[in-house]
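Engineer: Sharing a structure here in structure tokens format.
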């Protein structure tokens, strides 16, 4: 008897996108159940159905043996179902316990909040669950990992029996992941049921009891984690073999392309300074920038592309001084894939054609005529078709809005646009964040092609496995400075993690 | 969103609005059938009325385009009322003091209107660039300043001393614009706007800036420059409306010349969701209602203010219907698709 039963659940987004197509799966009480699939496979939609945020168009959902008709997440919560979303919404200026009781505060006389009782109750919730969390600290002072625990504590405090976590490890540093897993296991052993979404199959293998694989909105299989493997799951997800090992072949690096010396800027949303940073990227070389979010990696990219003001002793690409140049003029020397695909990489409501025309419309001959006044839509349309076909973008029409594509396909459009301009330097900020496995493989292959063609590549990524797979060198940023600069052969997860979290090189454990 | 469905929701919106308007009139005891018959007669059927409706639609179209283009590109220009008046003020000066053949003077008067509107919007652009002030607030406040400045001009330096009311003298007859001249001007400007967005690099940049400003900026688009350009361009469109109101209308800058054309334009942009063809059609609808109102008042004794209420109903209902219809149609389609087997 399952605790949750999806029976033929179907969800259609008009005109005819089947986000879920006749999905039937049972979740057993007291198990950790992972949902995996490429982007757009339907895992988030399925979990949102369980959480009451999305109403299925047909099919039924049973929770604790009762047929449900949730109209909102609040209904689901009343049934003991709760979800930790990727975006964590907490009040920074309140303490942990205040955040946990927010909305269900126990009240005493005159309907005043009974603070002592509230605090004691939260204390008990946290202790019972074995979360390592101090209820009295301000949430604003917490790491992302600890904030996630506050979200879990909130659900537990509301007596949630079925916890859903949407890509819980995406925001964590490598050091924090085992701790989260231990805590989730403790919750399971205490009788709760955990559903989680992940893109990391190795994590799934470590944590989950059973794994459901979705593809194109359909349930492909539900398997015992003990009886499967990463490559078997990957095969089910994309129905073809995915290469996880590095495809780097030996390649001689050439001359210096990006030459940065003494670069300084303000780190966005922080009182800290970026730099001084010295960094060189050679032709035929992929250099990765690792670091905990907010340590200046993004600002380093912004300073190079010119979107924030900066000072530098030297900022050259292939001998050309960038410091006096505008964003547009810098783009003559570099390609840029920004971190935020939906707001910076493209315009979701504009067509593929309009999205691929950006920057080309000013710099590439043929995209405009009459001295740059008239826009040549036809030229942009043929580039869009070329990118769609060359990058295997699943889209019926190049006039469709970018937002109608899955995340991975959107990113391939952005990458295609940037790579179609032949620039000596390619700068990529989180190139595969929120992208499905199949697209990640394609993007990595493109990056290695750039290396083979003697271009210089600078990649910022929160995914260390990715950096280890594609980079020749990895640098680590910590509080605005480069604290480690090593060849990938010398890099280990521990050594990188220590540099990211503590700003020092832990050579011994390397 | 398909063209087909947006047409449907527009038609349903207008139909429902007229039905609500009819119920309202019936509740107040007016003869509904006579009333609408009179409205249609005096908006279209009576001799010369079709031309009047078309000509009156032109200033509405121009202010509508002004608001729609600004909203579509990002900057919130809510200064149409002020830009209309300053445009008319520039136009009246050229009409009063420049004496050249009509073929030269009409373009000069219209151009002067455009320059006036652009300058007035340009103040907001300057404030934004220099001091980072929000154009939304500045354009809005300039409306009041523009109205008072125009009132002062026509009651003091430009006033016709022989007239008993606050007005300027009539502009030279060589500056008059006929109804059909006005209609052709409106069509030319609308086509120009379409051309800017479809064929010009700058139109592409404006559109991208409106859809995703950070995307445009990182792609090398100069958003500051384009914001200034959009404010000047849309200010000029509203200024054209002022010049047309003057040169096709009373030929004098009388107090209250701008009427409600500025705000009507903003409403048109809202119901048309910033679409160009939508601006044309809603400008025609609003114009027909306004032209027909006078006949309706005469024939059925319905106060012409009733049309303002009807206009407001059209705006609210159309926007609401669009929202409801879109989500309902989606739900219905989704359920239907869900029942069909896939493949």
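No value in this document is a laboratory result; all are computed from the given coordinates. Note that the structure is predicted; figures quoted are calculated from it, not measured. Cβ atoms come from the backbone with ideal geometry, glycine included; neighbour counts cover every protein chain shown.
Engineer: Find the all-direction average of the projected area of the Cα convex hull for region A:3-130, expressing the result in square nanometres with one decimal place. Mind dumping the intermediate values first?
Structural biologist: On the way: hull surface 42.2 nm².
Mean shadow area of the hull around the Cα atoms is 10.5 nm².
Engineer: Hey, in the GNM for chain B with a 10 angstrom Cα cutoff, which one of B:197, B:90, B:185 fluctuates hardest?
Structural biologist: So, out of B:197, B:90, B:185, the one fluctuating most is B:197.
Engineer: Using a 10 angstrom cutoff on alpha carbons, build the Gaussian network for chain B and name the most mobile of B:79, B:48, B:117.
Structural biologist: Looking only at B:79, B:48, B:117, the biggest GNM fluctuation is shown by B:48.
Engineer: Here's another thing I want to ask about it. Along Cα→Cβ, 7 Å out, is where each label goes; now give me the distance between the ones at residue B:180 and residue A:235 in nm to one decimal.
Structural biologist: Distance between label points: 7.9 nm.
Engineer: A further question on this structure: Taking the Cβ-Cβ separation of residue B:20 and residue A:369 as r and a Förster radius of 41 Å, what is the calculated FRET efficiency to the nearest 0.05?
Structural biologist: 0.20
Engineer: Ok, one more. So what's the projected area for region B:247-286, the Cα convex hull averaged over all directions, in nm²?
Structural biologist: Details: hull surface 12.9 nm².
Its average projected convex-hull area is 3.2 nm².
Engineer: Could you give the C-alpha radius of gyration of chain A expressed as a fraction of 2.2 N^0.38 Å, taking N as the number of residues it contains?
Structural biologist: 1.04
Engineer: Report the per residue volume, in Å³, of the convex hull enclosing the C-alpha atoms of chain B.
Structural biologist: Cα-based convex hull of chain B, divided per residue, equals 175 Å³.
Engineer: A further question follows. When the label point is put 7 Å from the Cα of residue A:343 along its Cα-to-beta-carbon vector, which residues of region A:454-484 have a backbone N closer than 19 Å?
Structural biologist: What the label zone holds, given the 19 Å backbone N cut-off, is A:462.
Engineer: Across every pair of different alpha-carbon atoms, what Kirkwood hydrodynamic radius in Å does region A:154-245 reach?
Structural biologist: Values: mean 1/r = 0.0695 Å⁻¹.
Hydrodynamic radius (Kirkwood, Cα pairs) of region A:154-245 is 14.4 Å.
Engineer: Something else now. Between region A:254-328 and region B:139-170, what is the C-alpha centre distance in whole Å?
Structural biologist: Region A:254-328 and region B:139-170 have Cα centres separated by 57 Å.
Engineer: Another question about this same structure. If you wrap a convex hull around the alpha carbons of region B:82-236, what volume per residue comes out, as a whole number of Å³?
Structural biologist: Considering the Cα atoms of region B:82-236, their hull volume per residue is 133 Å³.
Engineer: Hey, could you get me the Stokes-Einstein D for region B:1-61, Kirkwood radius over alpha-carbon pairs, 25 °C and 0.890 mPa s, rounded to whole µm² s⁻¹?
Structural biologist: Result for D is 179 µm²/s.
Engineer: What value, in deg cm²/dmol to 500, does the helix sum -39500 (n - 2.57) over DSSP H runs of n ≥ 4 give at 222 nm once divided by the residues of the protein assembly as shown?
Structural biologist: For the protein assembly as shown, the value works out to -16000 deg cm²/dmol.
Engineer: Counting partner chain Cβ atoms within 10 Å of every residue's Cβ in A:356-365, what's the average?
Structural biologist: 4
Engineer: Can you give the Kirkwood hydrodynamic radius of region A:456-510 from its Cα pairs, in Å with one decimal?
Structural biologist: The Cα-based Kirkwood calculation yields 11.2 Å.
Engineer: Could you work out the relative contact order of chain A, using alpha carbon pairs under 8 angstrom and six or more residues apart, expressed as a whole percent?
Structural biologist: Relative contact order comes out at 15 percent.
Engineer: Right, another one. To test your reading of the geometry: what angle, between 0 and 90 degrees and rounded to tens, separates the Cα axis of helix A:407-419 from the longest principal axis of chain A?
Structural biologist: Taking Cα atoms only, the helix is inclined about 10 degrees.
Engineer: Sticking with this one: What's the Cα-based Rg to Rh of region A:57-201, Rh via Kirkwood?
Structural biologist: 0.98
Engineer: FRET efficiency for residue A:251 and residue A:382, Cβ-Cβ distance as r, R0 = 30 Å, nearest 0.05?
Structural biologist: Efficiency computed from Cβ-Cβ geometry: 0.40.
Engineer: Taking every pair of distinct Cα atoms and averaging 1/r, then inverting, what Kirkwood hydrodynamic radius in Å comes out for region A:87-136?
Structural biologist: Values: mean 1/r = 0.0867 Å⁻¹.
11.5 Å is the Kirkwood radius here.
Engineer: Helix A:144-157 versus the longest principal axis of chain A: what angle, 0 to 90°, nearest 10, using Cα atoms?
Structural biologist: Roughly 20 degrees, rounded to the nearest 10.
Engineer: When chain B is treated as a GNM, springs tying every alpha-carbon pair under 10 Å, which of B:322, B:41, B:130 comes out with the largest mean-square fluctuation?
Structural biologist: Checking each option, the largest mean-square fluctuation is seen for B:130.
Engineer: Using just the C-alpha positions of the protein assembly as shown as equal point scatterers, what log10 of I(q)/I(0) does the Debye formula give at each q in 0.08, 0.09, 0.10 1/Å?
Structural biologist: -0.89, -1.06, -1.20
Engineer: Shifting gears a bit: Cα centroid distance between region B:17-55 and region B:295-321, in Å?
Structural biologist: A separation of 9 Å, based on Cα centres.
Engineer: Now, a different point. Quick one: angle between helix A:177-189 and the longest Cα principal axis of chain A, in degrees between 0 and 90, rounded to 10, please.
Structural biologist: Helix A:177-189 and the main axis of chain A meet at about 20 degrees.
Engineer: Further question on the same structure: If you take the beta carbon distance between residue B:37 and residue A:261 as r and set R0 to 56 Å, what does 1/(1 + (r/R0)^6) give as a FRET efficiency, to the nearest 0.05?
Structural biologist: In this case the efficiency is close to 0.10.
Engineer: Here is a follow-up. Spin-label point model (7 Å from Cα, Cβ direction): what's the residue B:319 to residue A:209 distance in nm?
Structural biologist: 5.2
Engineer: Turning to a different aspect of this structure: For region B:199-324, calculate the relative contact order in percent as a whole number, restricting contacts to Cα pairs under 8 Å that are 6 or more residues apart.
Structural biologist: Value for region B:199-324: 13 percent.
Engineer: Three principal axis extents, largest first, for the C-alpha atoms of region B:228-343, in Å?
Structural biologist: 69, 47, 16
Engineer: Give, to the nearest whole percent, the P(r) tail of region A:358-423 beyond 16 angstrom, counting all Cα pairs.
Structural biologist: Beyond 16 Å sits 46 percent of the P(r) for region A:358-423.
Engineer: Roughly how crowded by other chains is peptide B:205-214, in terms of the mean Cβ count from those chains within 10 Å of each of its Cβ atoms?
Structural biologist: Values: counts 4, 0, 4, 8, 1, 3, 9, 13, 3, 8.
Per-residue shielding by partner chains comes out at 5.
Engineer: Ok, one more. Mind running the shape call on region A:343-491? Use the C-alpha gyration tensor, a ≥ b ≥ c as the square roots of the eigenvalues: rounded below 1.5 for a/c, prolate if a/b tops b/c, oblate otherwise.
Structural biologist: It is prolate, given that a/c is not under 1.5 and a/b is the larger ratio.
Engineer: Distance between Cα centroids, region B:174-233 to region A:164-213: provide it in whole Å.
Structural biologist: For region B:174-233 versus region A:164-213, the Cα centre distance is 52 Å.
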